[in-house]
Amino acid sequence: MGPVFARWPVSRICRRGVCVLAALGALTLGSAVDAAAEVQGQEWIARSTTSAKGNGAAIVGGDRFRLVNNIIDRALVYGSRKYGINLVWGAISNPGSDAYFVTEGSGEEVVRYGDNVALAITENPTRPARPFLKYKSRDYGINLDWTTAKVYEWKVSGAGRAGKGSPVRYGDKFLLFNARSSSKGGFLYYNERKYGINLSWRGTLGCPNGDC
């Protein structure tokens, strides 16, 4: 990601009648802001539910994991509620409502930054009814709904130095982007709200269309 030049007006420094554009300060400060924005947006972590795959192992489509928001250190799980989609925050250690990605193709390839994937959260590991999440407008809470279909409208973003196309690994901090919600900002973030689970959509500096 490049520096954010537009945010920092260029000033002039004058000494003995010679004026020099203070572009270096704009470059340094702009780069720092860009880097901070990248780190700030990476709210999600996949934590494996098995001892066989620890931090650093690549996530494969179909792998079950706990989808953790590191702002509150809680897992996004299925749970009944009066308003909004049936999602709640649960303890990371509690079994019973896992998340998983499905890749395009066989569904079981390595999940890579920037690739289109489907995102599922199971109601019950032995009875996964309508597990997939999709964007859908609703009266209360965040615009999400359940579907039986694999909807490849999600991307895992925020690869940083590893680069787009690199494997998503357990323990990585990443962004979740939904293509159909792009008019709302596209990225899924923790945000307190009156109705429904504390989630909302918003944009992230330097990551258009989830390609970062």
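The values are calculated or read from the model by the stated rules, or taken from the named source; none is laboratory data. From a predicted model like this one, the values you see are computed outputs, not experimental measurements. Every residue, glycine as well, gets a Cβ built from its backbone with ideal geometry; the counts of neighbours run over all protein chains shown.
Do we have any residue at all in the stretch 137-145 that's touching an Asp or Glu at 6+ places or on another chain (Cβ under 8 Å), within 24 Å of Ser80 (Cβ to Cβ), at pLDDT 85 or above and in a loop (DSSP other than H, G, I, E, B)?
At the first step, the residues of the stretch 137-145 found to be touching an Asp or Glu at 6+ places or on another chain (Cβ under 8 Å) are 138.
With the extra rule that they be within 24 Å of Ser80 (Cβ to Cβ), the set shrinks to 138.
When the remaining residues are screened for being at pLDDT 85 or above, the result is 138.
When the remaining residues are screened for being in a loop (DSSP other than H, G, I, E, B), the result is 138.
Checking the stretch 137-145: at least one residue is touching an Asp or Glu at 6+ places or on another chain (Cβ under 8 Å), within 24 Å of Ser80 (Cβ to Cβ), at pLDDT 85 or above and in a loop (DSSP other than H, G, I, E, B).
Among the residues making up the stretch 201-212, those that are under 12 Å from the mean Cα position of the chain (by Cα) and either in a loop (DSSP other than H, G, I, E, B) or among the charged types (D, E, K, R) (or both) are Arg202, Gly203, Thr204, Cys207, Asp211, Cys212.
No other residue among Val117, Val151, Val156 is more than 17 Å from Tyr189 (Cα to Cα) and assigned to a strand (DSSP E or B) apart from Val117.
Out of Gly61, Gly105, Gly25, Gly84, which single residue is over 22 Å from Lys150 (Cβ atoms), assigned by TED's automatic domain parsing to the domain that holds Ser200 and either surrounded by fewer than 15 Cβ atoms within 10 Å (Cβ to Cβ) or at pLDDT 85 or above (or both)? Let's see the steps before the verdict.
Values: Gly61 fails: over 22 Å from Lys150 (Cβ atoms); Gly105 fails: over 22 Å from Lys150 (Cβ atoms); Gly25 fails: assigned by TED's automatic domain parsing to the domain that holds Ser200.
One residue alone meets the criteria, Gly84.
In the stretch 193-200 there is no residue matching the filter, namely being buried (at least 19 other Cβ atoms within 10 Å of the Cβ), touching a Leu at 6+ places or on another chain (Cβ under 7 Å), without any contact (Cβ under 8 Å) to a residue 60 or more places away in the chain and assigned to a strand (DSSP E or B). Selection of the stretch 87-102 for residues being buried (at least 20 other Cβ atoms within 10 Å of the Cβ), free of Cβ contacts under 8 Å to residues at least 40 places away in the same chain and assigned to a loop (DSSP other than H, G, I, E, B) yields only Ser97.
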